[in-house]
Amino acid sequence: MVEHRPTLEAEWSLLRAACSPHPEESAELESSLVPSIRWDALFPLAEQHGVLPLLYLALSGVESSVPEEQMRRLKQMYQANLHKALFLSREFIRIADCLEAIGIDFLPYKGLALAEALYGDIALRQSGDIDLIIRLRDLGRIREAVGKIGYTPHTSLSQSEQDAYLKSGYECAFDSALGHNLLEVQWAIQPRFYAVDFQMDGLFERAVPTSVAGHGLKTPAPEDLFIVLSLHAAKHAWGRLIWLCDLSRMAQCPSLNWRWIGSQAQRLGVVRIVRVGLLLAKWLLSDEVPAGVELNLPDDPQANGLAEKIARTIIAGNGIDVESLDYFRLMVRLRERKADQLRFLSRLAFTPGPGEWSAVRLPRALFPLYRLVRISRLAARVVSG
């Protein structure tokens, strides 16, 4: 891989050092604490990228080098995140007890589960909701069960829309009186049009025991989780630094089976996605690409150019609009197999969703015509772009 390190401003340099798995050993941390640090820019940047708790932890070790007022502000934000994590832990236990009582299997991941597994503390990873992987066949029972404890679907769909969405979508979000989208249950890793056909039954079969908020249950095996997190970060164009921190910490686990990851990534056609994520972790977090990657994932020169472009976008703060043509072009380029690129484009063009259903109201008998609505909306986007 070609060595390349994007130019980082003072705030980015400090964030990168703070996100190191061992910031207390990083000579870069104190050297990044230069007088030109703009604290009013640094804190929102850290919060936006989901790494504010990591920044607090790192600076706590060099507190004498941080202005007292700024350290106090950072501590207050850290404590606010801790309170949010405790609130989510309480809600997670309520939901888990509710689902376990009726014998429904589910796998927590991201959020609280990742905070405990990778960071050893629920307060060290910003969490906004509770994410569970479920089996599609259980969705109806889950909706009924969580409804009894105050959770209702965020979006209301007609029967035709719901039938279509269960085939093409991947998640159902729930609101409660305590907040919107607090619970998200997913029966697939991504919407169908991304053309990554992950076998969900295998995910459940390979699941391993864990503990979340003191609750014993199962979570995806580390190798499955690494690919799932790689796909999630790619879907959002790696727009938050915390997603790279997650991948970095997982990749350094000595027991991670890179042979299995390489085989699965090749089967799914996502080798380039995995490589881009690891390259971004290397360039933005001063991380090393594990030796197992070179041994088990085919070399892909195009990954370097894509990672370089994405790194510049992340640092510049120019997030990619997920409804833009640039975004869809990137999703195509991230797939190494022509067949997967064509499947993505085909499904993208012919899979209507909530956007089409809300844009035009068609009677049930004309529901198939939403494909034409989808095509016309995409065509309008191409013309305007």
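The values are calculated or read from the model by the stated rules, or taken from the named source; none is laboratory data. Everything quoted here is computed from the prediction, not taken from an experiment. All Cβ positions, even for glycine, are placed from backbone atoms using ideal geometry, and neighbour counts span all protein chains on display. Areas reflect the complete protein model, heavy atoms only, side chains present, ligands, DNA and RNA absent. Shrake-Rupley method; radii C 1.70, N 1.55, O 1.52, S 1.80 Å.
Structure above, values below:
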| item | result |
| --- | --- |
| Calculated [θ] (222 nm, deg cm²/dmol) that DSSP helices of n ≥ 4 give over the chain, each run adding -39,500 (n - 2.57) | -16500 deg cm²/dmol |
| Beta bridges by DSSP in the chain, antiparallel share as percent, to the nearest 5 | 80 |
| For segment 40-102, accessible area per residue (1.4 Å probe, heavy atoms of protein chains only), Å² | 49 |
| Per residue solvent-accessible surface (Å²) - segment 144-302, probe of 1.4 Å | 39 |
| By average C-beta atoms within 10 angstrom, highest first, the peptides 9-15, 361-367, 248-254, 225-231 | 225-231, 9-15, 248-254, 361-367 |
| Computed over segment 271-313, Kirkwood Rh from alpha-carbon pairs, angstrom | 10.4 |
| With every protein chain in place, the chain: carbon and sulfur % of accessible area (1.4 Å) | 53 |
| For residue 72, net neighbour charge (Lys/Arg +1, Asp/Glu -1) across residues whose Cβ lies under 15 Å away | -2 |
| Of 334, 174, 348, farthest towards positive along the dipole that unit charges on Lys, Arg, Asp, Glu beta carbons give the chain | 348 |
| Dipole magnitude (debye, nearest 20) for segment 90-213, charges at Cβ of Lys, Arg, Asp, Glu | 60 |
| Listed peptides 48-56, 208-216 by packing density, highest first (mean Cβ within 10 Å) | 48-56, 208-216 |
| Cα gyration tensor shape of segment 254-295, rounded if a/c is under 1.5, else prolate or oblate by comparing a/b with b/c | oblate |
| Only Lys, Arg (+1) and Asp, Glu (-1) charged, at Cβ; segment 228-385 dipole about Cα centre in debye | 720 |
| Only Lys, Arg (+1) and Asp, Glu (-1) charged, at Cβ; segment 282-329 dipole about Cα centre in debye | 140 |
| Highest-first arrangement of 89-95, 345-351, where packing means the average Cβ count within 10 Å | 89-95, 345-351 |
| Selection from 199, 303, 376 lying farthest towards where the dipole of the chain points positive, charges on Cβ | 376 |
| Convex hull (Cα only) mean projected area of segment 122-197, reported in nm² to one decimal | 6.2 |
| Neighbour-limited loop hits for trypsin sites (Lys or Arg not before Pro), segment 102-159 (at most 12 other Cβ within 10 Å; DSSP other than H, G, I, E, B) | 148 |
| Where GluC sites (Glu not before Pro) fall in DSSP loop in segment 216-324, at most 14 other Cβ within 10 Å | 288, 323 |
| Dipole axis of the chain (+1 Lys, Arg; -1 Asp, Glu on Cβ), positive-most option in 262, 18, 217 | 262 |
| In Å, descending, principal axis extents of the Cα set of segment 299-385 | 49, 31, 20 |
| Per-selection metrics, segment 243-341 (Cα): Rg and Dmax in Å | 13.7, 40 |
| Set of lysines near residue 148 by C-alpha distance (under 28 Å), chain-local residues within fewer than 8 positions excluded | 84, 110, 167, 218 |
| Cα principal axis extents for segment 60-152, largest first, Å | 55, 25, 17 |
